[in-house]
1. Select from His213, His40, His83 the residue whose mean-square fluctuation is largest in a Gaussian network model of the chain (Cα-Cα springs shorter than 10 Å).
2. How many Å² of accessible area per residue for region 1-114, probe 1.4 Å?
3. Can you count the Lys pairs in the chain whose Cα atoms are under 22 Å apart, with each pair 8 or more apart or on different chains?
4. Which residue, Leu252, Leu73, Leu85, tops the fluctuation ranking in a GNM of the chain built on C-alpha contacts under 10 Å?
5. Once the Cα atoms of region 1-131 are picked out, what are the Rg and Dmax in Å?
6. Over the Cα atoms of region 131-266, what is the Rg over Rh ratio if Rh follows Kirkwood?
7. Suppose a student asked you for the relative contact order of the chain, using Cα pairs under 8 Å spaced at least 6 residues apart; what percent would you report?
8. How many angstrom separate the Cα center of region 128-185 from the Cα center of region 20-82?
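The values are calculated or read from the model by the stated rules, or taken from the named source; none is laboratory data. As the structure is a prediction and not an experimental result, all values here were calculated from the model. Positions of Cβ are generated from backbone atoms using ideal geometry, with glycine treated the same way; all protein chains shown enter the neighbour counts. Protein only, heavy atoms only, side chains kept; ligands, DNA and RNA dropped before computing areas. Shrake-Rupley method; radii C 1.70, N 1.55, O 1.52, S 1.80 Å.
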Amino acid sequence: MTSNSQKFHLVDAFTDRAFAGNPAAVYVFQSWPANERMQHIAREMNQAETAFLVRNSDGFDLRWFTPAAEVDLCGHATLASAHALWEQGLADANVEIRFSSRSGILKAARRGDLIELDFPVKPEQAAEPPADLLAALGEAAVYVGRNQFDYLVAVKSETALRNLRPDIKRLSTLPVRGVIVTSRSDNPSYDFVSRFFAPAVGVDEDPVTGSAHCCLADYWRKQLGKTEFLAFQASARGGVVRIRVVGDRVFLGGKAVTVARGELVA
(Lines give C-alpha, C1' and ligand atoms only; values in the text may rest on other atoms or scores of the structure.)
Protein backbone atom coordinates (compact mmCIF):
# COMPACT_ATOMS: atom_id res chain seq x y z
CA MET A 1 0.00 0.00 0.00
CA THR A 2 1.06 3.60 -0.55
CA SER A 3 1.37 5.99 2.40
CA ASN A 4 -2.16 7.32 1.78
CA SER A 5 -3.78 3.98 1.01
CA GLN A 6 -6.41 2.29 3.13
CA LYS A 7 -7.91 -1.17 2.81
CA PHE A 8 -11.66 -1.63 2.76
CA HIS A 9 -14.17 -4.48 2.67
CA LEU A 10 -17.49 -4.43 0.84
CA VAL A 11 -19.99 -6.59 2.71
CA ASP A 12 -23.59 -7.55 1.90
CA ALA A 13 -25.51 -7.55 5.18
CA PHE A 14 -28.74 -9.28 6.22
CA THR A 15 -28.31 -11.93 3.56
CA ASP A 16 -26.61 -15.29 3.12
CA ARG A 17 -25.72 -14.74 -0.54
CA ALA A 18 -23.77 -12.20 -2.54
CA PHE A 19 -25.54 -9.40 -4.39
CA ALA A 20 -28.52 -9.38 -2.03
CA GLY A 21 -29.17 -7.70 1.30
CA ASN A 22 -27.65 -4.28 1.90
CA PRO A 23 -24.03 -3.54 0.93
CA ALA A 24 -21.77 -1.47 3.17
CA ALA A 25 -18.14 -0.46 2.79
CA VAL A 26 -16.07 -0.91 5.97
CA TYR A 27 -12.86 0.97 6.80
CA VAL A 28 -10.71 0.49 9.91
CA PHE A 29 -8.42 3.46 10.60
CA GLN A 30 -5.66 3.90 13.17
CA SER A 31 -7.03 7.36 13.99
CA TRP A 32 -9.88 9.47 12.72
CA PRO A 33 -9.57 11.12 9.33
CA ALA A 34 -11.11 14.54 8.87
CA ASN A 35 -14.91 14.52 8.61
CA GLU A 36 -14.66 15.93 5.11
CA ARG A 37 -12.45 13.04 4.03
CA MET A 38 -14.84 10.45 5.40
CA GLN A 39 -17.71 12.12 3.58
CA HIS A 40 -15.68 12.14 0.36
CA ILE A 41 -14.90 8.43 0.79
CA ALA A 42 -18.55 7.61 1.44
CA ARG A 43 -19.55 9.52 -1.68
CA GLU A 44 -16.91 7.65 -3.67
CA MET A 45 -18.05 4.26 -2.31
CA ASN A 46 -21.63 5.25 -3.23
CA GLN A 47 -23.20 2.69 -0.91
CA ALA A 48 -26.19 3.33 1.33
CA GLU A 49 -23.68 3.47 4.21
CA THR A 50 -19.93 3.42 4.68
CA ALA A 51 -18.71 2.46 8.16
CA PHE A 52 -15.57 3.93 9.70
CA LEU A 53 -13.95 2.35 12.76
CA VAL A 54 -11.12 3.24 15.12
CA ARG A 55 -10.05 0.89 17.91
CA ASN A 56 -10.53 2.12 21.49
CA SER A 57 -9.83 0.59 24.92
CA ASP A 58 -13.27 -1.05 25.01
CA GLY A 59 -13.68 -2.14 21.39
CA PHE A 60 -14.20 0.25 18.49
CA ASP A 61 -15.54 3.70 17.84
CA LEU A 62 -17.97 3.52 14.92
CA ARG A 63 -19.40 6.18 12.60
CA TRP A 64 -21.64 5.85 9.55
CA PHE A 65 -21.87 8.04 6.44
CA THR A 66 -24.28 7.91 3.53
CA PRO A 67 -23.09 9.51 0.27
CA ALA A 68 -24.69 12.74 1.53
CA ALA A 69 -24.48 12.85 5.36
CA GLU A 70 -23.35 11.31 8.62
CA VAL A 71 -26.16 9.44 10.40
CA ASP A 72 -26.87 8.61 14.04
CA LEU A 73 -27.68 4.91 13.75
CA CYS A 74 -27.20 2.22 11.11
CA GLY A 75 -27.82 -1.48 11.53
CA HIS A 76 -26.60 -3.08 8.33
CA ALA A 77 -23.24 -1.27 8.35
CA THR A 78 -22.76 -2.29 12.00
CA LEU A 79 -23.43 -5.91 11.10
CA ALA A 80 -21.05 -5.56 8.13
CA SER A 81 -18.43 -4.06 10.45
CA ALA A 82 -18.58 -6.97 12.87
CA HIS A 83 -18.33 -9.43 9.98
CA ALA A 84 -15.30 -7.60 8.52
CA LEU A 85 -13.53 -7.33 11.89
CA TRP A 86 -13.92 -11.05 12.58
CA GLU A 87 -12.91 -11.97 9.04
CA GLN A 88 -9.71 -9.92 9.32
CA GLY A 89 -8.87 -11.26 12.77
CA LEU A 90 -9.16 -7.78 14.28
CA ALA A 91 -11.64 -9.01 16.89
CA ASP A 92 -12.11 -12.33 18.71
CA ALA A 93 -15.05 -14.17 17.12
CA ASN A 94 -15.87 -15.75 20.50
CA VAL A 95 -16.27 -12.38 22.24
CA GLU A 96 -18.90 -9.73 21.60
CA ILE A 97 -17.71 -6.52 19.96
CA ARG A 98 -18.58 -3.25 21.67
CA PHE A 99 -19.06 -0.25 19.40
CA SER A 100 -19.12 3.30 20.74
CA SER A 101 -21.42 5.39 18.53
CA ARG A 102 -23.67 8.43 18.37
CA SER A 103 -26.42 6.12 19.65
CA GLY A 104 -24.43 4.90 22.63
CA ILE A 105 -22.83 1.49 23.10
CA LEU A 106 -23.93 -1.04 20.49
CA LYS A 107 -22.91 -4.69 20.57
CA ALA A 108 -22.43 -7.47 18.05
CA ALA A 109 -22.10 -11.15 18.93
CA ARG A 110 -22.28 -14.56 17.30
CA ARG A 111 -25.60 -16.31 17.87
CA GLY A 112 -25.53 -19.65 16.09
CA ASP A 113 -25.00 -18.93 12.42
CA LEU A 114 -26.18 -15.33 12.79
CA ILE A 115 -24.56 -12.09 13.81
CA GLU A 116 -26.82 -10.48 16.41
CA LEU A 117 -26.78 -6.74 17.09
CA ASP A 118 -27.83 -5.28 20.44
CA PHE A 119 -29.51 -1.94 19.60
CA PRO A 120 -31.87 0.49 21.37
CA VAL A 121 -35.59 0.31 20.69
CA LYS A 122 -36.71 3.48 18.89
CA PRO A 123 -40.49 3.55 19.51
CA GLU A 124 -42.87 5.66 17.46
CA GLN A 125 -45.92 7.60 18.55
CA ALA A 126 -49.04 8.30 16.53
CA ALA A 127 -48.55 11.41 14.42
CA GLU A 128 -50.55 13.57 12.05
CA PRO A 129 -49.06 12.99 8.61
CA PRO A 130 -47.91 16.07 6.71
CA ALA A 131 -49.74 16.51 3.43
CA ASP A 132 -46.70 15.62 1.36
CA LEU A 133 -46.14 12.27 3.09
CA LEU A 134 -49.15 10.29 1.88
CA ALA A 135 -49.33 12.20 -1.38
CA ALA A 136 -45.72 11.24 -2.10
CA LEU A 137 -46.37 7.58 -1.25
CA GLY A 138 -49.56 7.48 -3.31
CA GLU A 139 -51.18 5.06 -0.85
CA ALA A 140 -53.64 5.38 2.01
CA ALA A 141 -52.32 4.73 5.50
CA VAL A 142 -53.73 2.39 8.12
CA TYR A 143 -51.55 4.15 10.69
CA VAL A 144 -48.93 6.91 10.78
CA GLY A 145 -46.39 7.34 13.55
CA ARG A 146 -43.12 9.15 14.06
CA ASN A 147 -40.03 8.37 16.12
CA GLN A 148 -36.69 10.05 16.71
CA PHE A 149 -35.58 9.52 13.11
CA ASP A 150 -38.43 8.61 10.76
CA TYR A 151 -42.09 8.48 9.89
CA LEU A 152 -43.68 5.03 10.12
CA VAL A 153 -46.57 4.33 7.72
CA ALA A 154 -48.57 1.11 7.96
CA VAL A 155 -50.47 0.18 4.78
CA LYS A 156 -53.26 -2.30 4.14
CA SER A 157 -51.33 -5.14 2.51
CA GLU A 158 -48.02 -6.46 1.25
CA THR A 159 -49.30 -5.99 -2.30
CA ALA A 160 -49.87 -2.30 -1.63
CA LEU A 161 -46.43 -2.03 -0.08
CA ARG A 162 -44.66 -3.75 -2.97
CA ASN A 163 -46.52 -1.65 -5.53
CA LEU A 164 -45.44 1.67 -4.05
CA ARG A 165 -43.75 3.98 -6.53
CA PRO A 166 -43.20 7.02 -4.32
CA ASP A 167 -42.37 10.54 -5.42
CA ILE A 168 -38.79 10.55 -4.12
CA LYS A 169 -38.28 14.27 -4.66
CA ARG A 170 -41.35 15.03 -2.59
CA LEU A 171 -40.30 12.63 0.18
CA SER A 172 -36.92 14.37 0.36
CA THR A 173 -38.59 17.57 1.58
CA LEU A 174 -39.97 15.95 4.76
CA PRO A 175 -38.24 17.01 8.02
CA VAL A 176 -37.09 13.47 8.91
CA ARG A 177 -34.31 11.06 8.01
CA GLY A 178 -36.66 8.72 6.19
CA VAL A 179 -40.02 6.97 5.82
CA ILE A 180 -40.65 3.37 6.93
CA VAL A 181 -43.57 1.64 5.23
CA THR A 182 -44.83 -1.66 6.65
CA SER A 183 -47.59 -4.26 6.51
CA ARG A 184 -48.30 -7.82 7.58
CA SER A 185 -46.60 -10.37 5.36
CA ASP A 186 -48.51 -12.48 2.85
CA ASN A 187 -45.85 -15.16 3.30
CA PRO A 188 -46.51 -17.09 6.54
CA SER A 189 -42.76 -17.50 7.00
CA TYR A 190 -42.52 -13.80 7.91
CA ASP A 191 -44.36 -11.74 10.50
CA PHE A 192 -44.18 -8.45 8.62
CA VAL A 193 -42.59 -6.76 5.64
CA SER A 194 -41.26 -3.25 5.12
CA ARG A 195 -39.60 -0.79 2.78
CA PHE A 196 -37.53 2.27 3.68
CA PHE A 197 -37.04 5.52 1.78
CA ALA A 198 -34.45 8.10 2.88
CA PRO A 199 -33.80 10.56 0.03
CA ALA A 200 -33.12 13.38 2.50
CA VAL A 201 -29.81 11.69 3.40
CA GLY A 202 -28.99 10.51 -0.11
CA VAL A 203 -30.62 7.05 -0.11
CA ASP A 204 -33.74 6.88 -2.29
CA GLU A 205 -34.61 3.34 -1.14
CA ASP A 206 -32.48 1.43 1.33
CA PRO A 207 -32.27 -2.32 0.62
CA VAL A 208 -32.33 -3.50 4.27
CA THR A 209 -32.47 -1.11 7.20
CA GLY A 210 -31.48 -2.34 10.65
CA SER A 211 -32.24 0.94 12.40
CA ALA A 212 -35.77 1.01 10.94
CA HIS A 213 -36.38 -2.34 12.64
CA CYS A 214 -35.63 -0.68 15.98
CA CYS A 215 -38.94 1.09 15.37
CA LEU A 216 -40.73 -1.74 13.57
CA ALA A 217 -39.96 -4.18 16.36
CA ASP A 218 -41.81 -2.05 18.90
CA TYR A 219 -44.71 -1.29 16.56
CA TRP A 220 -45.31 -4.96 15.73
CA ARG A 221 -44.77 -5.98 19.35
CA LYS A 222 -47.80 -3.81 20.19
CA GLN A 223 -49.81 -5.02 17.17
CA LEU A 224 -49.14 -8.74 17.50
CA GLY A 225 -48.52 -9.13 21.22
CA LYS A 226 -45.25 -10.99 20.76
CA THR A 227 -41.56 -10.19 21.09
CA GLU A 228 -39.85 -12.33 18.45
CA PHE A 229 -40.24 -11.86 14.72
CA LEU A 230 -38.85 -12.82 11.36
CA ALA A 231 -39.08 -9.84 9.01
CA PHE A 232 -38.45 -9.31 5.32
CA GLN A 233 -37.51 -5.98 3.76
CA ALA A 234 -39.12 -6.03 0.33
CA SER A 235 -36.62 -3.98 -1.65
CA ALA A 236 -35.30 -5.07 -5.02
CA ARG A 237 -32.36 -6.79 -3.31
CA GLY A 238 -34.35 -8.02 -0.32
CA GLY A 239 -33.12 -9.00 3.11
CA VAL A 240 -34.11 -10.98 6.20
CA VAL A 241 -33.95 -9.68 9.78
CA ARG A 242 -34.54 -11.91 12.80
CA ILE A 243 -35.74 -9.85 15.76
CA ARG A 244 -36.24 -10.27 19.47
CA VAL A 245 -37.22 -7.46 21.84
CA VAL A 246 -36.09 -7.43 25.46
CA GLY A 247 -37.29 -4.36 27.36
CA ASP A 248 -35.85 -1.27 25.71
CA ARG A 249 -33.35 -3.25 23.61
CA VAL A 250 -33.89 -4.91 20.26
CA PHE A 251 -31.68 -7.73 19.02
CA LEU A 252 -31.33 -7.82 15.24
CA GLY A 253 -29.97 -11.02 13.75
CA GLY A 254 -28.67 -11.53 10.24
CA LYS A 255 -25.98 -13.01 8.05
CA ALA A 256 -23.31 -11.27 5.97
CA VAL A 257 -21.17 -12.04 2.95
CA THR A 258 -17.96 -10.29 1.85
CA VAL A 259 -18.23 -9.52 -1.87
CA ALA A 260 -15.08 -7.41 -2.41
CA ARG A 261 -11.85 -6.29 -0.80
CA GLY A 262 -9.99 -3.26 -2.04
CA GLU A 263 -7.59 -0.46 -1.41
CA LEU A 264 -8.27 3.25 -1.42
CA VAL A 265 -5.14 4.94 -2.78
CA ALA A 266 -6.18 8.60 -3.05
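1. His40
2. 45 Å²
3. 6
4. Leu85
5. For region 1-131, the Cα radius of gyration and maximum Cα-Cα distance read 15.3, 54 Å.
6. 0.99
7. Relative contact order of the chain: 23 percent.
8. Comparing the Cα centres of region 128-185 and region 20-82, I get a distance of 27 Å.
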